[in-house]
Amino acid sequence: MVQKKNFKKQKKTNDSQNVTEQKSTAIQVVEPNPLPVVLSDTEKKTRSVLRMLVTGFLFVVTVIIWFLVGQKIFVLATQDIWLPDYFNKHKTVAVSDEVVATVDGKPIFLSDVRSFADGIPQLTEIPFEMVYPQLLETIVDSKVMLQAAEDAGMEALPDVQRAIRQAREQILSQAYLNKQLEQSVTLDQLQTLYNQELLDFKPVEEIRARHILVKSEKEANDIIIQLKAGADFGMLAEKYSLDQNSPKGDLGYFSEDMMIPEFGRAAFALKNGQISDAVKTPFGWHVIEVEDRRMSKAPAFDDVQDQLKQMAMEQNAQKVLEAERQKQNVVIRKKTIIRTK
């Protein structure tokens, strides 16, 4: 079950990428007395567009592959999953090294898939078992493309070398920025942010519910029949639910907007003690039971400290960057470029 952050929507910044022009060379075979070939404007434009599409595709694929490889190397080198949590709350732990796939005889371990999932913040609230198949396919595809690129000698190409340098620079600069931002946050700053959030806090209705997640509507309906016959919800959840991160199906208290729309609407339409019909979401079919209702209270400082730290780091980012600029004596000689015909 995917839950949204409800204390403060965190801003995200997207890294900008510089698109470089790629020059191509061609070898022309000259025959005796060659006839001149004249291309129409349409043919010229078509060839130009095709060349740009192919070149752009290869560049994007290369950047993605090397970013994934670079991120993996960084994680292994530091033994810290820094992407999902800037304050090192989640440390890398020993996981099963079962081989889950091979590419050209080279193994892909279950731990590789888990590490990859840990590096994607959007997946932190989704059961690993649900996203595992797609993550594995993604890793396999990246390994396949990497091997193909190496066999084709792509690493020696100037554009690929440039992309590798850019990926390395991005990883190193982001790691250093994160470290500096961690050190910039103070307890007083967090307390000030917390007090500001309290002023904006408005109570909303919350429910406490349980759910059982299965793959098909038939499975969900079979479970509903068992529940109506007196079966224990928690026992069925432990036996059948794909969401093993919610003990006995318990989701705790949540507001409607914390859940994906299909689930939230169905859950809040129920009365206390009522069991839902089968509810379809992108994750499968759910059986929901509502246990309690209440009005929300402002979270305690300790409960939102991680979110406050993230907010503080976002506030401090510009100051940290400015300090580094001053230390390195940055001089921008041309801030704008006038477009000429």
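Using amide H atoms built 1.01 Å from N in the peptide plane, name the residues 5+ places from Asp243, or on other chains, whose amide H lies under 5 Å from its own.
Correct list: Leu213.
Mind grabbing the accessible area of Ser184 for me, 1.4 Å probe, Å², rounded to tens?
Answer for Ser184: close to 40 Å² accessible.
Give the accessible area for Leu123 in Å² (nearest 10); use a 1.4 Å probe, count only protein heavy atoms, and leave out ligands, DNA and RNA.
Ignoring ligands and nucleic acids, Leu123 comes out at about 40 Å².
Which of the peptides 209-220, 107-118 is most tightly packed, and how do the rest follow, judged by the mean count of other Cβ atoms within 10 Å per residue? Kindly include the intermediate steps, with their values, before the conclusion.
On the way: 209-220: 19.8, 107-118: 18.1.
Ranking the peptides 209-220, 107-118 by packing returns 209-220, 107-118.
Semi-axes, largest first, in whole Å: what does sqrt of 5 times each Cα gyration tensor eigenvalue give for region 139-186?
32, 14, 5
How big is D for region 121-259, in µm² s⁻¹ as a whole number, if Stokes-Einstein is applied with the Kirkwood radius of its Cα pairs at 4 °C and 1.567 mPa s?
Taking Rh from Cα pairs, D becomes 62 µm²/s.
Non-local amide H neighbours of Phe109 (under 5 Å, H modeled in plane, Pro and chain starts lacking H): which ones?
Amide H neighbours of Phe109, under 5 Å, 5+ apart: Val100.
Would you please calculate the Kirkwood hydrodynamic radius of region 160-242 over all C-alpha pairs and express it in Å, rounded to one decimal? It would help to have the intermediate numbers written out before the result.
Working: mean 1/r = 0.0530 Å⁻¹.
Here the Kirkwood hydrodynamic radius works out to 18.9 Å.
Kindly rank 199-206, 280-287 from highest to lowest mean number of other beta carbons found within 10 Å of each residue. All intermediate terms of the calculation are to be shown ahead of the outcome.
Working: 199-206: 10.8, 280-287: 19.4.
So the order, starting with the most tightly packed, is 280-287, 199-206.
FRET efficiency for Lys327 and Gln305, Cβ-Cβ distance as r, R0 = 35 Å, nearest 0.05?
Plugging the Cβ-Cβ distance into 1/(1 + (r/R0)^6) gives 0.70.
Can you give me the long-range amide H partners of Glu206? Hydrogens built in the peptide plane at 1.01 Å from N, cutoff under 5 Å, separation of 5 or more residues or another chain.
Arg294, Met295, Ser296
Run the simple label-point estimate for Leu198 and Glu155 please: 7 Å along Cα→C-beta, distance reported in nm.
Those two pseudo-labels are separated by 5.7 nm.
The values are calculated or read from the model by the stated rules, or taken from the named source; none is laboratory data. These numbers were taken from a predicted model, which means no experiment stands behind them. Counting neighbours? That spans all protein chains shown, and the Cβs are built from the backbone with ideal geometry, glycine included. These accessible areas exclude ligands, DNA and RNA; they are computed on the full protein's heavy atoms, side chains included. Shrake-Rupley method; radii C 1.70, N 1.55, O 1.52, S 1.80 Å.
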